[in-house]
Amino acid sequence: MCVTCGCGSEEVKIEGEAAHREHDHVHADGTHHSHAHDHADDAAHRHSHDEAPAHSHAAGVSPKRMVQIEQDILAKNNAYAQANRQRLAERGIFALNLVSSPGSGKTTLLCKTIALLGQQPVAVIEGDQQTSQDADRIRATGAQAIQINTGKGCHLDAHMVGHAMAQLSLADASLLMIENVGNLVCPAAFDLGEAHKVVILSVTEGEDKPIKYPDMFRAASLMLLNKIDLLPHLQYDVQEAIGFARRVNPNIRVIQLSATSGAGMDEWLAFLRDGMNQASAAKQESVDSLKARIAQLETQLQRAPR
Amino acid sequence: MLFESSKLSPMHEMSLAEGVLQLIEDAARKEKFSSVKAVWLEIGQLSGVEPQAMAFCFDAVTRDSVAAGARLEIIALPGTGWCMACEKTVPMTEVFGECPQCGGYQMQVTGGTEMRVKELEVE
């Protein structure tokens, strides 16, 4: 168990997948999950240098040697994240990783957002340690949702999200919202393949959260300052909170909103629509350039002497 | 907690230690070694990783593995940042730290967030 936050990697459950995972994912050597994405290791390059002269050792004693690894500790997760990002780009899907403390209003904000987006196809991956309460709330809005229970785990990782994406029937040029486990620490380090991390801070929390949990605010491109309808009842310094966030991350964009009153939701929806337009335009561009290339090659074939 | 946490932002060293073990086990399969004597990690000062917590978690996750009992060596890499006001690279000790030259906070971290497995001594 994690000494800082109590996390552990066992007991991950993805809705509709539990039985399949049990036999499929545990290998004799103790490695979990290595079957599905063997390409994850492709980026690895290792060189071994046998520095000990083999003949100088007594029989039965294997020689000591150095093995160069030179790999990021999160390399495996990053490779899965890259695969997710590739799959999303091919479909023109705009994906966001929503992170916050527990109780910041993520799920309420998501439900409101889905309602306001109307006909726009949205899918949600919900991460929680236990229960499918949040996915149930999302499904009640009519959007697709899948719940990942991380068990003792304190964050989603790219491998779990890849499996969840496979379970959802994602529409081309749609929006995928990944609601991470409520935790301002661990999810900062785990890329899921999203376009942006969006950190949600509610005004019922301290102004100084950005400097208390700087990694998360540094990893995010957008901060949503939620529950601003409560400001008249609180002694909360909005400018101080934004100042702390910018101290950690000078480029962070800030939107002040309230899912309950609807204030600021227009700006948030505009951000989402821009992102979706960009994602589908990028996909269209690559499709168009491939079509142009095919046409060019066909012309060359026709002109070629027989 | 068993150790003193000097930073305000503890990362979860247990998951990271599991990542280290995965890299070691992958290497063990490819390079055909059965025992790890020592592991060198490069940890940046701004990575949020607490070396003592990492050592504690490393011992816990490597028990009964190819790296059981291995010595853990942590190489600390210095934090650096780009100060937009001074237009130069300056040392940083905290991700939200101020520029040691001008005292401003318009800083972008440029080095010290590394978390890498550098090399292993094996047999």
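Just so it is clear, none of the values below were taken in a lab; they were calculated from the coordinates. In this text, all values refer to a predicted model and were calculated from it rather than measured experimentally. Ideal geometry is used to build each Cβ from the backbone, glycine not excepted, and the neighbour counts take in all protein chains shown.
Each Lys and Arg adds +1 at its Cβ and each Asp and Glu adds -1 at its Cβ; summed about the Cα centre, region A:84-180 shows a dipole of about 80 debye. Each Lys and Arg adds +1 at its Cβ and each Asp and Glu adds -1 at its Cβ; summed about the Cα centre, chain B shows a dipole of about 160 debye.
So for region B:77-122, considering every pair of alpha-carbon atoms, how many percent are separated by more than 17 Å? Counting every Cα pair in region B:77-122, those more than 17 Å apart make up 35 percent.
Residues A:ARG247, A:ARG218, A:ARG137, B:ARG63, arranged from fewest to most other Cβ atoms within 10 angstrom of their Cβ, appear as B:ARG63, A:ARG137, A:ARG247, A:ARG218. From the largest down, region A:172-286 spans 50, 31, 25 angstrom on the principal axes of its Cα atoms. Shielding of peptide A:215-222 by partners, expressed as the average count of other chain Cβ atoms within 10 Å per residue Cβ, is 3.
Taking amide H positions as modeled 1.01 Å from N, with prolines and chain starts lacking one, the residues under 5 Å from A:LEU156 and 5 or more places away or on another chain are A:VAL181. Evaluated with a Cβ-only charge set (Lys, Arg +1; Asp, Glu -1), region A:77-280 carries a dipole of roughly 180 debye about its Cα centre, given to the nearest 20. The modelled label-to-label distance between A:GLU15 and A:LEU231, using points 7 Å beyond Cα along the C-beta direction, is 3.5 nm.
Work from the charge dipole of chain B (Cβ charges, +1 for Lys and Arg, -1 for Asp and Glu, about the Cα centre) and give the residue of B:GLY69, B:VAL90, B:ILE24 farthest towards its positive end. Result: B:ILE24, furthest along the dipole toward the positive end. Placing unit charges on each Cβ (+1 for Lys and Arg, -1 for Asp and Glu) gives region A:77-280 a dipole about its Cα centre, and among A:LEU234, A:MET265, A:LEU184 the Cα reaching farthest toward its positive end belongs to A:LEU184. Volume of the convex hull of region A:77-280 (Cα atoms only), normalised per residue: 109 Å³.
What does the charge count around A:GLU207 come to, taking other residues whose C-beta lies under 11 Å from its C-beta (Lys +1, Arg +1, Asp -1, Glu -1)?
Charge balance in the 11 Å sphere: -2.
For the residues of A:246-252, the average number of beta carbons from a partner chain within 10 Å of their own beta carbon is 4.
Among residues other than A:ARG253 with Cβ under 11 Å from its Cβ, the summed charge is 0 (Lys and Arg +1, Asp and Glu -1). Legend: mean number of C-beta atoms from other chains within 10 angstrom of residue C-beta atoms, peptide A:159-165, equals 0.
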